[in-house]
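Below is one structure, written out as structure tokens; comments come after it.
The values are calculated or read from the model by the stated rules, or taken from the named source; none is laboratory data. Bear in mind that the values here come from a model prediction, so they are computed numbers and not experimental data. Here Cβ is always computed from backbone atoms with ideal geometry, including for glycine, and neighbour counts include all displayed protein chains. Side chains are part of the model used for accessible areas, which takes the heavy atoms of the whole protein and leaves out ligands, DNA and RNA. Shrake-Rupley method; radii C 1.70, N 1.55, O 1.52, S 1.80 Å.
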Amino acid sequence: MSNQEAACYTVVYEDSSEAPSTQDLRNALQKGSDEAKIDALRKIIVLTINGNAQPQLLMPIIQYCMPSRSKQLKKLLHFYWEVCPKYDENGKLKQEMILVVNAIRNDLQHPNEYIRGATLRFLQKISRDQELLEPLIPICRSCLEHRHSYVRKNAVFAVYTIYREYETLIPDAPELIQTFLAAESDATCKRNAFVFLANCAMPKAVEYVTQVHDQIGSLDELLQIAIIDVIRLDCKADSTHRPRWIRCIFELLNASSHAVQYEAATTLTGLTQHAAAVKAAATTFINLVVKESDNNVKLIVLDRLDALRSKHGHVFDNLIMDVLQVLSSADIEVRRKATSIALSMTSSRNVEDVVSFFKKQLQKTQDQDYEKAPEYRQLLIQSIHVCAVKFSEVAANVVHALLEFLGDSNNPSALDVVAFVREVVEKFPALRPSITEHLIRTLPEIKSGKVYRGVLWILGEYVESVNEIADTFQEVRKTLGEIPILAAEQRLLDGTSVEDEDKGEGDEKKESVTTRPKVLADGTYATETAYSSTASARLEAVQAADKPPLRAILLGGDFFTGTVLAAALTKLVLRFADLSPDKKKANALRAEAMLIMTSTIRVGQSKFSSTPIDEDSNERILNCIQTLSELEVKPVVHSIFLSDTKAAYSKMVAAQEKKAAEKRELEVAKQDVVQVDDLLTFRQFTKKAADDVLDYDEDIGRATGTGDVHEDFISNLSRISQLTGFSDPIYAEAFVKIHGFDIVLDVLLVNQTSNTLQNLCVDFATLGDLKIVERPTVYTVGPHGFQNIKATIKVSSTETGVIFGSILWEAPDLSEQAVILSDIHVDIMDYIKPAYCTEAQFRSMWTEFEWENRVNVSTTLSEPREYLKHIMKSTNMSCLTPEGAMAGDSDFLSANMYARSLFGEDALANLSIERLESGTITGHVRIRSKTQGIALSLGDRITMAQKGNKATVKT
């Protein structure tokens, strides 16, 4: 044991302010009660684990703790024997351990089965100490025949761990356990014995499975899972029993345990790729998702089902309706995952059934008692949108059903419907008349300003007949109410004043007084009195009165909707003038549209609006008024209204289709690039199972990153940080290696003196969300010697962290000396990766996130597009703004960027810049995130990137 590497234990926190002395611990062990001994022994174990062993207390523990009958004390003694130093400086077993072995032998023969079983479990922890185990082997073997199953199951694993470490101590262990397994009746004991055979004597385990082949469906759950593991391992070795194993796995697909079903289905796809087997496994996965109550398990099984679908898509054609049954789950994440799988399985043969199912589910969400109805409704609308765009034959069937949800009180659902309708009317011209007619009828039912904006834009672009234009004006009139708005509201206010005057004179000067209690900042109570004039009360009453929907939106201060209304009316008037020869009617519509626009501006400047109209909206509406007033003078403006906006949207839809097509082609044609001289692999000649996912050892390698480590010497050099100077007594440098959520510091120390440095340790500390894992270890470094030290630091969030510290050692005169290390700044770019999200998701997160960091642009670059690329490269963010939206030569640029960290944190950025006449770029970058750290870190990163760019240009 002396030449073997010592075991590693977790460092347990100890309070140094209450650290007892050795004498105090000795007195507690010698004179205290069982509770005092338990407390003292617990403190001794913590001290030993943390490197402060107490060898002088070994004999008192043997004297005063071992004779106790307390079960808790015996359990703590097992912990202590595990961690205490058992060997002296020469690697010889300490004499005191003979007494310990004798006590363990007595416990193994104890009449209490709990003490026997606990002691057998303890033997598994000291399986490396051959000298301790050797006298205990006969008693350990005899425990296999004990009457109680708790003792027997622990005895099996004790034999297993001893045989694994020192086969010579129990050379006949496989035959012993095989005999034990044949005679055993307890399920847990049988499972433990079978696990022993599977790991130490695979042929005997296979032999046992062939013997119980007919009863495999009635065995215990744990034993069934162990048998599946043996089948999996045996088939990796190209077993001749494969046909028999496939029949066994098929039988286990109907087991009562969900865990067994999952393992059986996963294993079956590795044993054979036959369509019937794949379909049976998929059906089992679907049934598991439907029947299992744990949502986490549902998501895991759905991931496995999706992976199976990606490899055997043609087998899943008839299972899509079964997958849709998963939508009965109440969890929205499970529904979202199941919908994603169903959409990937949708084809022209089953799309009508899928859409019909979605429509039925959509009707159910209108029930008030339906769980999470708004979120589920939005998911269904988005799914129908995808189906209708992908398969044009169902668009006509679903679009009118979805139009019923435009008046939905859940704003996101209604917005999704608007986005869907807008895309359908662009892609399918034949559906435009019926859709626009339905939209015109739906106008009075809409409640949201955002939905109104989308619907008004669609009507302005795609209403193309004279009768529909007239109908649109009529419905807009209904949703606005009496025009002009300001005069009607003033008349309503004056009418209220006349009624009040009839009740009594001088009411306008009267004031109403309301009092209420209020809690002050210091916790005391006070009375708050509020005075309100009758005039203001009448104005509030007028504002709170029931109004038509579009009128209420305008009076509520949403003048952006007013600008969209003005633009839509302008387009309709211009199109009516082109289509109709009736000049009188065209002039009447123009006058009505101008009256509505003027009324919108005036009410925005009055007291009736909750917020005054903004300058941009005011200017936009005035431009529309000017366009209508110069109807015959400037025909160039007409094409801008009637053609350019529709062309811009068509271009955007075409760009989205192109991007989606490229993504599909990439998925279809995805293949690994190989060199011309690489070896050819023939699947028929390999012994490996067809499904690589089943190789759990490789899975673990991929998960820990050990399977795909590609180190580049040049990039490694760039990660070396110099920690001390060349003239310091100790030269230190560190190689910083990022590994998942850990930072590994490989520190090289060079003793530049002629003295031996004793008790040398490197003490690190951190700032930010970084945490040191190990305690500093003490070293002795000879004259001009080298020492390598590794330190692991855990990272818990994407935030700029700083690692600092010092090197401490003992000088020849026993004085303590130190060298302060340079700081190491952790680059957050190692944890931020480009990501993509939809425009709606970006806007939702932008509104939700509260932390914002604004960085002013300061650069020598003169091209806005070049600056955007520079920022994207510096921050690892992806640009969400379509390329078409930024095309052309312009002095203005606005773009949205997005990235995600390894910890699941979202980072949003908006770049708004302008190129001045002097050629310089000005503007700002706004960064938003849920946490403060990532926003500040990205801002610092952009500032450093701007400084670096300046330095590059100067040189």
One residue from I824, I828, I803 being modelled with pLDDT under 80 and either among the hydrophobic types (A, V, I, L, M, F, W, C) or out of contact with any His (no Cβ under 8 Å at 6 or more places or on another chain) (or both): I828
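What about L406, is it assigned to a loop (DSSP other than H, G, I, E, B) and closer than 24 Å to E839 by Cα?
Values: assigned to a loop (DSSP other than H, G, I, E, B): yes; closer than 24 Å to E839 by Cα: yes.
Yes, satisfied.
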Residue selected from segment 732-751 under the condition at pLDDT 90 or above and open to solvent by 30 Å² or more (accessible area, probe 1.4 Å), by the criterion nearest to P776 (Cα to Cα): L748
When you scan segment 623-653, how many residues do you find that are more than 30 Å from P882 (Cβ to Cβ) and open to solvent by 70 Å² or more (accessible area, probe 1.4 Å)? 5
Looking only at segment 920-935, which residues are assigned to a helix (DSSP H, G or I) and either of a type in the set (V, I, T) or modelled with pLDDT under 85 (or both)? Q932, G933, I934
Candidate set from segment 12-33 (those that are open to solvent by less than 60 Å² (accessible area, probe 1.4 Å) and under 12 Å from C65 (Cα atoms)); member that is modelled with the lowest pLDDT: G32
With A895, A907 as the choices, which residue is touching a residue at least 24 places away in the same chain (Cβ under 8 Å) and touching a Cys at 6+ places or on another chain (Cβ under 7 Å)? A895
Take segment 34-52 and flag every residue that is at pLDDT below 85, open to solvent by 40 Å² or more (accessible area, probe 1.4 Å) and closer than 23 Å to R775 by Cβ. I49, G51, N52
Hits in segment 205-249 (condition: assigned to a helix (DSSP H, G or I), open to solvent by 40 Å² or more (accessible area, probe 1.4 Å) and of a type in the set (A, V, I, L, M, F, W, C)): L222, I225, L233
Boolean, T266 is on the phi < 0 side of the Ramachandran plot, open to solvent by 20 Å² or more (accessible area, probe 1.4 Å) and either β-branched (V, I, T) or not in a helix (DSSP H, G or I) (or both): no
All but one of (1) within 30 Å of K947 (Cα to Cα); (2) of a type in the set (D, E); (3) not in a strand (DSSP E or B) hold for E852, so report the exception by its number. (3)
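Could you list, in sequence order, the residues of segment 38-70 that are basic (K, R) and touching a helix residue (DSSP H, G or I) at 6+ places or on another chain (Cβ under 7 Å)?
If we filter segment 38-70 for residues that are basic (K, R), which is where we start, we get 42-43, 69.
Correct list: R42, K43.
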Filtering segment 855-897 for residues that are in contact with a helix residue (DSSP H, G or I) (Cβ under 6 Å, 6 or more places away or on another chain), surrounded by fewer than 17 Cβ atoms within 10 Å (Cβ to Cβ) and not in a helix (DSSP H, G or I) leaves a count of 3
Pull out all pairs, ordered by first then second residue, where Cβ-Cβ is under 7 Å, the residues are six or more apart or on different chains, the first lies in segment 71-97 and is free of Cβ contacts under 8 Å to residues at least 40 places away in the same chain, and the second is of a type in the set (D, E) and assigned to a loop (DSSP other than H, G, I, E, B). K94/D88
Helices (runs of 4 or more DSSP H) contained entirely in segment 290-384, each with at least 3 residues that are surrounded by 13 or more Cβ atoms within 10 Å (Cβ to Cβ) and under 20 Å from the mean Cα position of the chain (by Cα): 295-311, 332-345
Among all residue pairs at least 6 apart or on different chains, which show Cβ distances below 8 Å where the first residue, located in segment 381-403, is among the aliphatic types (A, V, I, L, M) and the second is surrounded by 15 or more Cβ atoms within 10 Å (Cβ to Cβ) and outside any helix (DSSP H, G or I)? I381/F405; A395/F428; A396/F428
Picking from A282, A259, the residue that is buried (at least 20 other Cβ atoms within 10 Å of the Cβ) and assigned to a helix (DSSP H, G or I) would be A282
